[in-house]
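Nothing in this text is a laboratory measurement; each read-out follows from the coordinates by a stated rule. Nothing here was measured: the structure is a model prediction, and the numbers come from that model. As a convention, Cβ positions derive from the backbone with ideal geometry for all residues, glycine included, and neighbour counts pool all protein chains shown.
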Amino acid sequence: MKHLNLSLAALLAAGMAVALPSQQAAAQVAPRQLPTFEFVKDWPQVPPQWKVGDVSSFTTDAQGNIWLIHRPRTLKGEDLKKAAPPVMVFDEGGKFIKAWGGDGQGYEWPQREHGIYIDSKGFVWLGGNNCPGNGLENLKPVADDQLLKFTQDGKFVMQIGHSNQSKGNADTANVHRAADVQVYPPTNELFVADGYGNHRVIVFDADTGAFKRMWGAFGNKPEDDDHCEIVRKTNFDLPGPQQFSVVHSLRVAHDGLVYVADRENHRVQLFSNDGKFIKQHPKGAAQFANAVALSTDPDQQFLYVGAGKEIAILDRKSLDQVGSINLPGMLGGHLITTDAKGNIYIAATGQGLQKLNYQGMSARAAK
C-alpha cells in the first residue's frame with residue numbers, strides 16, 4: 001500500500017491526470033447522449049374527399065417534404081371509391097401538396113405497393129410485394145417483380161424487371177417482391193432489399209438499370225425459397241440461418257456501409273459496399289429488424305431499427321444497442337424513415353402512421 005501511495009504521488013507530482021478506481025467506474029457507466037423524440041398530433045392533414053389505405057413507406061425530398069406510399073386496394077366498400085392516389089406528398093407540417101400514381105401507359109404499377117425512395121437527383125423509386133397466391137381482394141394474381149422510377153411530377157422514367165417474370169435469386173433482370181431501395185450517390189448505384197420472394201441484396205446502375213452485383217446473408221450466394229406465406233421463425237440459435245428470410249429494409253451510410261434488416265430472422269447484418277459481411281446484431285426471439293433508418297447527424301452515429309412496438313437505437317459502427325424509443329401509444333413500424341431535421345416517420349400498414357419530432361440529445365436513453 002505504501003508503494004502504491006508513493007507511485008501515485010510521483011504521478012501527481014509529474015502533472016499527470018490519474019483516474020482513481022471509483023472515477024474509472026463512474027466513467028464506464030456515464031450515460032451516452034442519445035436522441036429524444038415526441039409525438040406530433042394530427043399529422044398529416046389528408047384532404048377530406050380522400051381515404052388512405054395501408055401506409056407502407058415514407059421518404060423525403062430535398063425541400064423537406066414528406067412522401068408516403070399507401071395501398072388504395074386495401075380500402076373497402078365506399079372507402080375504396082374515395083381512395084387517394086397511392087403516392088401522396090405533404091410538407092413537414094402535414095399540409096397536403098399533391099398526389100399521383102397508379103396504372104398508366106408504358107409501365108406496370110405494382111399490385112401491392114410497398115417501398116418508396118427519393119434519390120439525390122430527385123427521382124422517385126417504388127415497388128411492390130404482391131404474391132399471386134396471397135388471396136387478397138382487388139389484386140391481380142401476379143407477382144410484383146419490378147421497380148419503377150419517376151420524376152416527382154409522376155412522369156415515368158424507367159422500369160427494372162417486369163411483373164410476374166422473376167426466375168429466382170439468380171435472375172439479374174427482375175426482382176421478386178422487393179421491399180425497399182436506396183441509391184448511393186458516390187457510385188450512383190441502386191441497392192435493393194429483394195425481399196419477399198427472393199432473399200438477397202441486389203445492386204443496379206441507377207441510370208441504366210444494368211445489374212452490378214448481389215449477395216445473401218453473410219455474403220453467401222442467395223438460394224431460392226419462394227412462397228407467399230411469411231415463415232415465422234422459432235429457432236434463433238447463433239449465428240442463425242445462412243440465408244436471409246424476408247429482406248425487408250436496407251440503408252447505405254455515407255461511408256458506404258450497408259445495413260440490412262433480415263426481419264423474420266430478427267437480425268441486422270452489416271456489409272461493405274461490395275457485399276462483404278462484417279458483423280450482425282441478432283435479437284433472438286424478440287421481434288426485431290422490421291426496418292432500418294439512419295440518424296441524420298453528419299456522422300450518422302445511430303442506426304434506428306424497428307423492434308416490435310419500439311425503435312431500437314444502435315451505435316452504427318459497433319451495432320451495439322445503446323437505447324430505445326418507446327413512447328406510450330407508439331405503433332409498431334413496418335418501414336421507417338428520417339428527414340434532414342432528424343424527425344422519424346413510421347409507416348405501420350394496417351395500424352396507421354406516426355411522426356416523431358426530434359427533440360435534441362439527452363444523457364438518458366430515449367423513451
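The phi torsions of segment 245-250, fed into the Karplus equation with coefficients 6.51, -1.76 and 1.60 and a -60° offset, translate into couplings of 8, 7, 7, 8, 7, 8 Hz, rounded to whole numbers, with Gly and Pro shown as x.
Length gained on full extension, residue 151 to residue 33, computed as 0.36 nm times the residue gap minus the Cα-Cα distance: 38.6 nm.
Taking 17 Å as the straight-line reach from the Cα of residue 233, the lysines in range (excluding those fewer than 8 positions away in the same chain) are 283. Distance in nm between label sites at residue 76 and residue 233, each 7 Å beyond Cα in the beta-carbon direction? Reported label-point gap for residue 76 and residue 233 is 3.3 nm. Between residue 210 and residue 272, the FRET efficiency estimated from the beta carbon spacing at R0 = 22 angstrom works out to 0.60.
Its Cα centre serving as origin, the chain has a Cβ charge dipole (Lys and Arg +1, Asp and Glu -1) of approximately 780 debye. Value of Rg to Rh for segment 258-350, rounded to two decimals, is 0.95; Kirkwood radius and Rg both from alpha-carbon coordinates.
Dipole of the chain computed with +1 at Lys/Arg Cβ and -1 at Asp/Glu Cβ about the Cα centre; of 141, 124, 312, farthest Cα towards the positive end is 312.
Exposed loop GluC sites (Glu not before Pro) only (DSSP loop, at most 12 other Cβ atoms within 10 Å): please give the longest stretch of the chain free of them, not including the sites. If you can, show how the numbers build up before the last one.
Details: sites that count: 137, 229.
Formally, the longest exposed-site-free interval is 230-367.
Partners of residue 355 within straight-line reach, counting lysines whose Cα lies under 18 Å from its Cα and excluding those fewer than 8 residues away in the same chain: 41, 95, 309, 341, 367.
Only helical runs count toward this figure. For the chain, summing -39,500 (n - 2.57) over DSSP H runs of n ≥ 4 and dividing by all residues gives -2000 deg cm²/dmol at 222 nm. Modelled this way, with points 7 Å down the Cα-to-C-beta line, the labels at residue 361 and residue 100 are 4.0 nm from one another.
Sorted into 10 angstrom bins from 0, the C-alpha pair distances of segment 206-322 split as 13, 46, 32, 8, 0 percent.
Largest mean-square fluctuation among 355, 149, 212, in a Gaussian network model of the chain whose springs join Cα atoms under 10 Å apart, belongs to 212.
Points 7 angstrom from Cα along the Cβ direction at residue 286 and residue 50: gap in nanometres? For residue 286 paired with residue 50, the spin-label model returns 3.8 nm.
Dividing the alpha-carbon Rg of segment 134-214 by 2.2 N^0.38 Å yields what? Don't skip to the answer; put the middle values down first.
Details: Rg = 12.9 Å, N = 81, 2.2 N^0.38 = 11.7 Å.
So segment 134-214 has a normalised radius of gyration of 1.11.
Beyond 30 Å in Cα-Cα separation lie the following of the pairs 212/279; 82/140; 76/221; 81/149; 140/167: 76/221. Viscosity 1.306 mPa s, temperature 10 °C: what is the translational diffusion coefficient of segment 70-132 from Stokes-Einstein with a Kirkwood Rh over Cα pairs, rounded to a whole number of µm²/s? For these conditions, the coefficient is 120 µm²/s.
Computed over the chain with a Gaussian network model linking Cα atoms closer than 10 Å, the most mobile of 161, 127, 135 is 135. In the chain, one over the average inverse separation of all distinct C-alpha pairs is 21.6 Å, which is the Kirkwood hydrodynamic radius. Exposure proxy for 325, 118: other Cβ atoms within 10 Å of each Cβ, ordered fewest to most, give 118, 325.
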